[in-house]
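Everything on this sheet refers to the single structure shown next.
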Amino acid sequence: MRGFSHRSRMQQFGYRKEDFVGKPVVAIVNTWSEMNPCHSHLRERAEAVKKGVWQAGGFPVEIPAFSITETYMKPSPMLYRNLLAMETEENLRSLPVDGAVLMGGCDKTTPGLLMGAISMNLPFIYLPAGPMLRGNWKGQPLGSGTDLWKFWTERCAGTISETEWNEMEGGIARSPGFCMTMGTASTMTAMAEALGLTLPGASSIPAVDSNHVRMAIDCGKRIIEMIWEDRKPKELLTSESFDNAITVDMALGGSTNAVIHLIALARRCCLDLKLNRFDEISRRVPVLADIRPSGRFLMEDFYYAGGLRALMAQISDLLHLNCRTVNGRTVGENLEGACLNNSEVIRLRENPLEASGGTAILYGNLAPDGAVIKTSAASYHLLQHTGPAVVFTDYEHLDHQINREDLNVTADSVLVLQNAGPLGGPGMPEWGMLPIPGRLLQQGVRDMVRISDARMSGTSYGTCVLHVAPESYVGGPLALVRDGDLISLDVPNRRLDVLLTENEVAARRAAWSRPAPLFRRGYGSLYAAHVTQAHEGCDFDFLETDEGTPEPEIH
Ligand code: FES
């Protein structure tokens, strides 16, 4: 009866029974949308994946999924990562499919798709959308985000004209694909490859390169083999896989957002990945990718230099080479023959961009559960700094105050933003690169110590302490800081402290009260009731279990 209905409905599409009966059914989960320019080519790529599935004897079905677009979504795309994860898991659970090819790339789409598919635990391959081509302005390459922030600062300082600004606007995003700096998109797609969830080399191919089309076809072919082999993600992903991903993240000078997403992904595998593991690995891994914002080049250059395989080959002694990947081979086997074509873009071990650690984890009385700083994109002279706090109680307050002539601030001040965390933001918006006050910009100041419970775009830079946990909205110590309090940042010793007596902290805590709820209904209220803190991955507490796929109990 059920079979009759399934078969007749598939014939309603125009298929004959022999097109699908007895064949593995592959879901092509597509995050294409006309509001997501990073994924504007994914309809075409879905056709290429289908070609591969047909060639290998399978039956492809394309399934749309929530397209989290970094550029347009309010209040923060991070609010919706878990929604995409839920949608992906439920699509794969509720539909009669045997495996999946997941297509995404714009920041949150990678972790969202992976989290859901890992929980469902069907065979899958991740196909990254690929970075866009280099931006161009008057013959000089422009990098997504990074150069926007840089030239916006100059525009505010009055050194860039409106005409020049408009020229940049037309030249910075020249093709389909995601941001081509080492932002969150390039970092997270590289994490997917380092975890063994893509075919080798997939994360570095520019979106519009014909190799990207061939990679899509290869994914379609390979998923059929994976289905017959019953190769499931939870059997591939081990704590060593996550160590590999963190190691690659550090060598890339990757986005700080990777810290949150990797913890969430590990917890979906029931692995207790601690925040401090990033610091332990960071200390022994050199930064080799000379890519903006930490370095000079862009993802297109990275691809021509040999891509992620070339970088991983450089640090192969730091990787667990026996971890298995979706193509059935080990990480080590996939690195055989990797070729480094340009040692300026991917540095040699003896000539790193930084000798160690792109990311440091800080603890102290201001961040009992930790905070994150991207040291490779920070100013060296500010890594040990004590200065008086200038406190903004939320983003609106910041927006109104930051350029006031009478703001009591100097280059030595520490800018503090409260109520920008997972609950307070909500969704930890990427406000962590607080703007430099206009008056200081005019004086030539380009970096200051900035502290918040927000995130920061992977394309951003500066001495920005992020992800302070617990967040201020739930009463973390950041909520108690006031103007003029001395704050001490000591990155070499991994400390972040406010120099107050315990009595003073206790008195302020007694006077503190939690802000009113931000949501009274809808997805926002579900989010607020269940999201975890930054050091726990910001997943929903009811999704990070290993109780298997939730089939309803029918009595
Ligand atoms: Fe999509 Fe940057 S806006 S990756």
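Among the residues of segment 130-141, is there at least one that is assigned to a loop (DSSP other than H, G, I, E, B), more than 15 Å from the ligand (Cβ to nearest atom) and either touching a His at 6+ places or on another chain (Cβ under 8 Å) or at pLDDT 95 or above (or both)? First the steps, then the outcome.
The first filter runs over segment 130-141 and keeps only residues assigned to a loop (DSSP other than H, G, I, E, B), leaving 130, 132-134, 138-139.
When the remaining residues are screened for being more than 15 Å from the ligand (Cβ to nearest atom), the result is 138-139.
Those left that are additionally either touching a His at 6+ places or on another chain (Cβ under 8 Å) or at pLDDT 95 or above (or both): none.
The answer is no, given that none of the residues of segment 130-141 is assigned to a loop (DSSP other than H, G, I, E, B), more than 15 Å from the ligand (Cβ to nearest atom) and either touching a His at 6+ places or on another chain (Cβ under 8 Å) or at pLDDT 95 or above (or both).
Hey, does segment 54-71 have a residue that's in contact with a His (Cβ under 8 Å, 6 or more places away or on another chain), among the aromatic types (Phe, Trp, Tyr) and within 16 Å of the ligand (Cβ to nearest atom)? Within segment 54-71, not a single residue is in contact with a His (Cβ under 8 Å, 6 or more places away or on another chain), among the aromatic types (Phe, Trp, Tyr) and within 16 Å of the ligand (Cβ to nearest atom).
When segment 7-55 is examined, which residues are found to be surrounded by fewer than 11 Cβ atoms within 10 Å (Cβ to Cβ), charged (D, E, K, R) and part of a loop (DSSP other than H, G, I, E, B)? Once the filter is applied, which keeps residues that are surrounded by fewer than 11 Cβ atoms within 10 Å (Cβ to Cβ), charged (D, E, K, R) and part of a loop (DSSP other than H, G, I, E, B), segment 7-55 yields 16, 34.
Would you mind stating whether residue 31 is under 23 Å from the mean Cα position of the chain (by Cα) and within 16 Å of the ligand (Cβ to nearest atom)? The answer is yes for residue 31.
The residue list 102, 83, 92, 79 contains one member that is surrounded by fewer than 20 Cβ atoms within 10 Å (Cβ to Cβ) and under 24 Å from residue 269 (Cα atoms), which is 83. Within segment 224-236, the set of residues being under 25 Å from the mean Cα position of the chain (by Cα) and closer than 14 Å to residue 328 by Cβ comprises 232, 233, 235, 236.
For (1) within 16 Å of the ligand (Cβ to nearest atom); (2) surrounded by 24 or more Cβ atoms within 10 Å (Cβ to Cβ); (3) not in a helix (DSSP H, G or I), each residue gets a yes or a no:
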position	(1), (2), (3)
173	yes, no, yes
180	yes, yes, yes
188	yes, yes, no
191	yes, yes, no
245	no, yes, no
259	no, yes, no
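In this entry, residue 4 is excluded by the filter for residues that are assigned to a loop (DSSP other than H, G, I, E, B), more than 16 Å from the ligand (Cβ to nearest atom) and more than 30 Å from residue 429 (Cα to Cα). Answer yes or no: is there a residue in segment 216-230 that is crowded, with 18+ Cβ neighbours inside 10 Å, within 16 Å of the ligand (Cβ to nearest atom) and of a type in the set (Val, Ile, Thr). No: segment 216-230 contains no residue that is crowded, with 18+ Cβ neighbours inside 10 Å, within 16 Å of the ligand (Cβ to nearest atom) and of a type in the set (Val, Ile, Thr).
Residue by residue, here is whether (1) in a helix (DSSP H, G or I); (2) within 13 Å of the ligand (Cβ to nearest atom) holds:
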residue: 82; (1), (2): yes, no
residue: 93; (1), (2): yes, no
residue: 106; (1), (2): no, yes
residue: 118; (1), (2): yes, no
residue: 127; (1), (2): no, no
residue: 144; (1), (2): no, yes
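Residues in segment 327-350 that are touching a Phe, Trp or Tyr at 6+ places or on another chain (Cβ under 8 Å) and assigned to a loop (DSSP other than H, G, I, E, B) were compared, and the one that is farthest from residue 206 (Cα to Cα) is 344.
The values are calculated or read from the model by the stated rules, or taken from the named source; none is laboratory data. Everything numeric in this text was worked out from a predicted model, so none of it was measured. Neighbour counts run over all protein chains shown; Cβ positions are idealised from the backbone, glycine included.
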